[in-house]
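The values are calculated or read from the model by the stated rules, or taken from the named source; none is laboratory data. All values derive from a computational prediction rather than experimental measurement. Please note: Cβ atoms are built from the backbone with ideal geometry, for glycine as well, and neighbour counts cover all protein chains shown.
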Amino acid sequence: MNMIEQPTRELLELQLLPQNSSGVEIGVLRGTHARWMIENLHTSTVYLVDHWKSYFRDGVPRESRKREAQYAGILNRFAAEIVSGAVIVLRGSSSEVHTKIPDGSLNWVYVDGLHTYEGCLYDMETYRPKLLSGGHMLVHDYNAKTSPANGTKRAVAEYLHNHPKDIVVGNSMEYSGEIAIRCSL
Ligand SMILES: C[S@@+](CC[C@H](N)C(=O)[O-])C[C@H]1O[C@@H](n2cnc3c(N)ncnc32)[C@H](O)[C@@H]1O
């Protein structure tokens with residue numbers, strides 16, 4: 001398959017991911033990208049994973065009023081989809097909540113949580129088994145300028161080393177960068 005190149009992540013996802021698909025977004029924030037996915041891919045089920053906590057100097061995520069308000073905003077923004085079961089909000093660290101998603105159930109995994117090498121690699125490896133055969137893993141902020149110490153780029157390189165049959169099938173050329181990998185499951 002030829003590499004798909006698109007100027008934005010949205011165009012890349014539209015070209016690569018199936019309509020009516022199911023997926024997980026790791027790192028949701030205010031739900032801007034998740035909302036776009038739901039409306040443009042007409043998704044069947046989307047898991048939203050985020051702890052909605054703030055990072056302080058010691059790097060430990062803790063509750064904060066601002067993040068509580070963001071979480072409340074998510075419940076409000078996706079209220080209809082939550083009721084219908086089209087959106088399942090999993091509040092917690094990606095390492096805590098992954099067991100709530102059945103293996104082999106998703107068309108795509110969208111990684112946009114912790115952008116360190118360890119955090120990004122952890123999410124890629126832990127959520128890979130959630131994919132259906134031929135599913136895609138997308139990693140946002142692949143561009144070195146938007147991920148400190150090349151965290152996401154190094155994580156993707158290590159992941160591809162671990163799974164030599166998984167192939168990079170797309171990238172977006174936008175500033176933050178996004179890479180798409182087809183998994184060999
Ligand atoms: C860059 S923002 C996500 C932006 C969102 N994907 C969008 O494009 O609209 C990163 C989010 O990841 C969350 N996050 C960071 N580390 C996480 C972890 N280990 N588990 C769950 N969420 C995490 C943060 O709380 C933050 O809301």
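Descriptive notes on the structure:
- Taking the conditions (1) within 11 Å of the ligand (Cβ to nearest atom); (2) more than 29 Å from Tyr175 (Cα to Cα); (3) not in a helix (DSSP H, G or I) in turn, Gly59 satisfies each one other than (2).
- Of the residues making up the range 145-172, those that are of a type in the set (A, V, I, L, M) and under 18 Å from the mean Cα position of the chain (by Cα) are Ala155, Val156, Ala157, Leu160, Ile167, Val168, Val169.
- Single residue of Glu81, Glu25, Glu13 found to be more than 13 Å from the chain's Cα centre (by Cα) and not in a loop (DSSP other than H, G, I, E, B): Glu81
- Residues satisfying the criterion are present in the range 95-115 (criterion: at pLDDT below 95, closer than 24 Å to Tyr159 by Cα and within 13 Å of the ligand (Cβ to nearest atom)).
- Considering (1) assigned to a helix (DSSP H, G or I); (2) in contact with a Pro (Cβ under 7 Å, 6 or more places away or on another chain), the lone condition that Glu174 does not fulfil carries the number (1).
- Of the residues making up the range 62-78, those that are away from the ligand (no atom under 11 Å from the Cβ) and part of a loop (DSSP other than H, G, I, E, B) are Glu63, Phe78.
- Filtered residues of the range 45-74 (kept if surrounded by fewer than 14 Cβ atoms within 10 Å (Cβ to Cβ) and either hydrophobic (A, V, I, L, M, F, W, C) or within 18 Å of the chain's Cα centre (by Cα) (or both)): Phe56, Val60, Ala69, Ala72
A quick yes/no check of all residues on (1) in contact with a helix residue (DSSP H, G or I) (Cβ under 8 Å, 6 or more places away or on another chain); (2) surrounded by 15 or more Cβ atoms within 10 Å (Cβ to Cβ); (3) over 23 Å from Arg9 (Cα atoms); (4) aliphatic (A, V, I, L, M):
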| position | (1), (2), (3), (4) |
| --- | --- |
| Arg77 | yes, yes, no, no |
| Gly85 | no, no, yes, no |
| Val109 | yes, yes, no, yes |
| His115 | yes, yes, no, no |
